[in-house]
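Reading through the structure tokens given below for one structure.
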Amino acid sequence: MDIKTLKGVGEKTAALFEKLNICTTEELVHYYPRDYEQFFDPISLTEAPEEELAAVEGRISGNVATRRVKGLSITTFQAACEGGVLHLTYFNMPYLKNSLKRDGTYIFRGCLHRRGERYVMEQAGIYRPEEYGKLTGCMQPRYSTTRGLSNHAITKAVKQAVGLVDLTKDPLPEKIREEEGLPGLMEAVSQMHFPADKESLLAARSRLVFDEFFRFILILRRMGEDNERIKCVRPMIEVAQTKRLVEALPYRLTKAQQRVWDEIRTDMSSDYAMNRLVQGDVGSGKTILAFLALVMCAANGCQGAMMAPTEVLARQHYESLMKMNREYDLHLHPVLLTGSVGARDRREIYARIESGEADVVIGTHALIQEKVAYRSLALVITDEQHRFGVRQRESLAKKGGLSENEKNIHVLVMSATPIPRTLAIILYGDLHISVLDEMPADRLPIKNCVVNTSYRNTAYKFIEKEVGQGRQVYVICPLVEEGESPELEDVASYAKKLKSALPETVRIGILHGRMRPAQKNRVMEDFEAHNIDVLVSTTVIEVGINVPNATVMLVENAERFGLAQLHQLRGRVGRGDKQSYCIFISKSQNAHTMDRLKILNESNDGFYIAGKDLSLRGPGDLFGIRQSGDMRFTLGDIYRDASILQRASEWADRVLTEDRNLDGPEYAVLREALSEQEINEVDFRSI
């Protein structure tokens, strides 16, 4: 049903929901809360935990004052509370001056800071005591919102949709639900949105995460068997050009690079199509291996394509390859194909690809989606956001001038996501795995520090100093817009905060996933060109940009991210010859939290950190920022939910052993659900 069938959802509201990729009631039902608000009884200031969410009751004393600083409206006042005086600050909320009454009693709920002898809250929620009393003891859903669409509006719409969408057909067979002790689909979806308590929420989430993993692995296993049987009809031979290039490079390949290159070269010269994953930290040398594979492909008279996640990175790869082409006389004929290429140039590039004159094509995923015809495509190298199954091989083979029965495209997947081998074997069951577990000797290790919010001003001074020396800085916030979560930093208001804290000469830009692709591209290009000094961003910068001049990474709310994700984020710095630094700011001073974050000081080895992440995060850790990387499930997190992933994998193998084609009546609903997901494997694999 169209979302406009819901009461209170007209054309304008439907357009806002569409920004969140929600157009139907079914999509809304599966748009799960990002977090849950738990309203606990107010406590005294002396009892409240510092740097954590707390609620205190207080009476406003003195005046509510508003002033402007560099275009920013700052409202401040004090409240007399049990245990002391609370100092409250609000940014861009001048209306509070008229809405709050002097001597009025309110509940203030927010993150409590201690500044010397002062108790401080910024942007705290304000509630009348009777209003707050109705909320205590409940778990209220909090959804990711967009400007103009409030959490309340989404909650109201979800309540209607849950009653309208048919959730009685359960794709998970009854025997699995019973043995695993999982609730039915209807109960799980309902409790995921509106949990009776934390136990009900955990049970609902476990069920829905199991679903995601189980279906993903079923599709993977069925594809894997087909992929193993793909015969290569354009066999290649080893060529002297790659050996000469390796010898001419100004550095020696590490032992790990040499081992992985041997594996790639052997695959490409075998009788079967390559299907290989190369895992390695940022900076471990994956790109040169990709270039060597492209050189081998072109030297064999075939075409190779390399896809990057962004236009900026595609251009950087193209420019690097062109430079090597000139310096080492490789005789390659590369072209760059991205969305921003003009119509006239695009037609010329198409003609060069179709004729075979262009033997290397570099670009974004447009390489396989656009109307481009290859003469002899034999190799596709992808970043971790693009995975290929049988249908994609067939599509590419047709583009490569092959018949329907010839699916000989070699596929090489490059991934910087540090996944422990035990999980990688499950998640990449259809790929052979190579690991780059060694870093080049000339890389300066990043200097790390884990601090609390009292270090912020010191961090700002350090940023100012680095920018003054001509360097650039990344600042990472977990949220996009103000108001999504009171205790988490957001890109929009943090950029304003930085503008008031840093000199006017410092150029600040913002970047987040809700921007249009062209906007994101423009910001990344500006940062690369050093038109931006400090880039305030969400985790979208994990992939897609290489700026050797960036030397500082500051991560806010570091306690809410997984260790593996924090490690990937810091991989954006340390890419040049200057010393780089990573500052992790945690709002929580909990000893366990700080000890967990300090693991990042122990090592720069992504696989070691991923292993620690795996052992330290449990299913009860509900409220972390989602892991990203290539396995972007709707709810599942491969670290937090590793045990569920293991069980789902075991069940998938068991089911396929018993009934390879899922022909049994108990699998009828599952079979239908899988066929819908298999329609486009690329989309499914980059959820």
Top-ranked residue of the range 500-523 - restricted to ones that are out of contact with any strand residue (DSSP E or B) (no Cβ under 7 Å at 6 or more places or on another chain) and assigned to a helix (DSSP H, G or I), ranked as least open to solvent (accessible area, probe 1.4 Å):
N521
Can you tell which of I609, I599, I644, I585 is among the hydrophobic types (A, V, I, L, M, F, W, C), at pLDDT 85 or above and in contact with an Asp or Glu (Cβ under 6 Å, 6 or more places away or on another chain)?
I585
Restricting attention to the range 175-195, which residues are more than 29 Å from the chain's Cα centre (by Cα) and touching a residue at least 60 places away in the same chain (Cβ under 8 Å)?
K175, I176, E180
Can I176 be described as modelled with pLDDT of 95 or more and among the β-branched types (V, I, T)?
yes
Limited to the range 547-560, what total is found for residues that are over 24 Å from E50 (Cβ atoms) and in a loop (DSSP other than H, G, I, E, B)?
3
Would you mind stating whether L292 is open to solvent by less than 40 Å² (accessible area, probe 1.4 Å) and not in a helix (DSSP H, G or I)?
no
Quickly run through the range 14-35 and pick out the residues that are open to solvent by less than 40 Å² (accessible area, probe 1.4 Å), outside any loop (DSSP other than H, G, I, E, B) and touching a helix residue (DSSP H, G or I) at 6+ places or on another chain (Cβ under 7 Å).
A14, F17, T25, L28, V29
Index of the failed condition, G62 passing every other in (1) surrounded by 16 or more Cβ atoms within 10 Å (Cβ to Cβ); (2) more than 23 Å from L479 (Cα to Cα):
(1)
Of these, G84, G10, which one is open to solvent by less than 70 Å² (accessible area, probe 1.4 Å), more than 30 Å from R102 (Cα to Cα) and over 31 Å from the mean Cα position of the chain (by Cα)?
G10
In the range 156-199, residue most open to solvent (accessible area, probe 1.4 Å) [restricted to those that are part of a helix (DSSP H, G or I) and in contact with a strand residue (DSSP E or B) (Cβ under 8 Å, 6 or more places away or on another chain)]
K198
Return the pair list, or none, for Cβ contacts closer than 6 Å from residues in the range 483-509 that are more than 25 Å from G110 (Cβ to Cβ) to residues that are in a loop (DSSP other than H, G, I, E, B) and modelled with pLDDT of 95 or more, at least 6 apart or on different chains.
V506/D533; R507/I532; R507/D533; G509/I532
Selection within the range 211-225 - at pLDDT 80 or above and aliphatic (A, V, I, L, M)
I217, L218, I219
Residue check, S284 against (1) of a type in the set (S, T, N, Q); (2) open to solvent by 10 Å² or more (accessible area, probe 1.4 Å); (3) out of contact with any Gly (no Cβ under 8 Å at 6 or more places or on another chain), all met but one. Which one?
(2)
How about the range 405-494: which strands (runs of 3 or more DSSP E) wholly inside it have at least 1 residues that are on the phi < 0 side of the Ramachandran plot and either at pLDDT below 80 or surrounded by fewer than 19 Cβ atoms within 10 Å (Cβ to Cβ) (or both)?
432-436, 447-452
Test for R205: is it closer than 22 Å to E658 by Cβ, open to solvent by 10 Å² or more (accessible area, probe 1.4 Å) and not in a loop (DSSP other than H, G, I, E, B)
no
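Let's see how each residue does on (1) charged (D, E, K, R); (2) out of contact with any helix residue (DSSP H, G or I) (no Cβ under 7 Å at 6 or more places or on another chain); (3) closer than 26 Å to A558 by Cβ:
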site	(1), (2), (3)
T505	no, yes, no
I508	no, no, yes
H512	no, no, yes
H530	no, yes, no
D533	yes, no, yes
T538	no, no, yes
For E50, the lone unmet condition from (1) open to solvent by 60 Å² or more (accessible area, probe 1.4 Å); (2) part of a strand (DSSP E or B) is (2)
In the range 226-279, which residue that is outside any strand (DSSP E or B), touching an Asp or Glu at 6+ places or on another chain (Cβ under 7 Å) and open to solvent by less than 20 Å² (accessible area, probe 1.4 Å) is modelled with the lowest pLDDT?
N227
Scan (1) open to solvent by 20 Å² or more (accessible area, probe 1.4 Å); (2) farther than 20 Å from P445 by Cα for the single condition N557 breaks and write down its number.
(1)
When the range 525-546 is checked residue by residue, the ones that are within 14 Å of V475 (Cα to Cα), at pLDDT 90 or above and not in a loop (DSSP other than H, G, I, E, B) are F527, V534, L535, V536, S537
Selected residue (only one of A314, A308 is in contact with a helix residue (DSSP H, G or I) (Cβ under 8 Å, 6 or more places away or on another chain), closer than 30 Å to A610 by Cβ and buried (at least 23 other Cβ atoms within 10 Å of the Cβ))
A308
Consider the range 561-605. How many of its residues are part of a helix (DSSP H, G or I) and buried (at least 20 other Cβ atoms within 10 Å of the Cβ)?
11
Is it true that V64 is under 16 Å from E122 (Cβ atoms), at pLDDT 95 or above, over 31 Å from the mean Cα position of the chain (by Cα) and assigned to a strand (DSSP E or B)?
no
Show the residue pairs that are 6+ apart or on different chains and have beta-carbon atoms under 6 Å apart, the first residue being within the range 650-677 and in contact (Cβ under 8 Å) with a residue 24 or more places away in the chain, the second being of a type in the set (V, I, T).
W651/I176; A652/I217
Provide a single number: the residues in the range 320-377 that are in a loop (DSSP other than H, G, I, E, B) and not aliphatic (A, V, I, L, M).
18
Just one of the numbered conditions (1) part of a loop (DSSP other than H, G, I, E, B); (2) β-branched (V, I, T); (3) touching a Phe, Trp or Tyr at 6+ places or on another chain (Cβ under 9 Å) is not true of V282; which one?
(3)
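The values are calculated or read from the model by the stated rules, or taken from the named source; none is laboratory data. These numbers come from a predicted model, not from an experiment. Here the Cβ is made from the backbone with ideal geometry for all residues, glycine too, and neighbour counts use every protein chain on show. We work out accessible area using only protein heavy atoms, side chains counted, and drop any ligands, DNA or RNA first. Shrake-Rupley method; radii C 1.70, N 1.55, O 1.52, S 1.80 Å.
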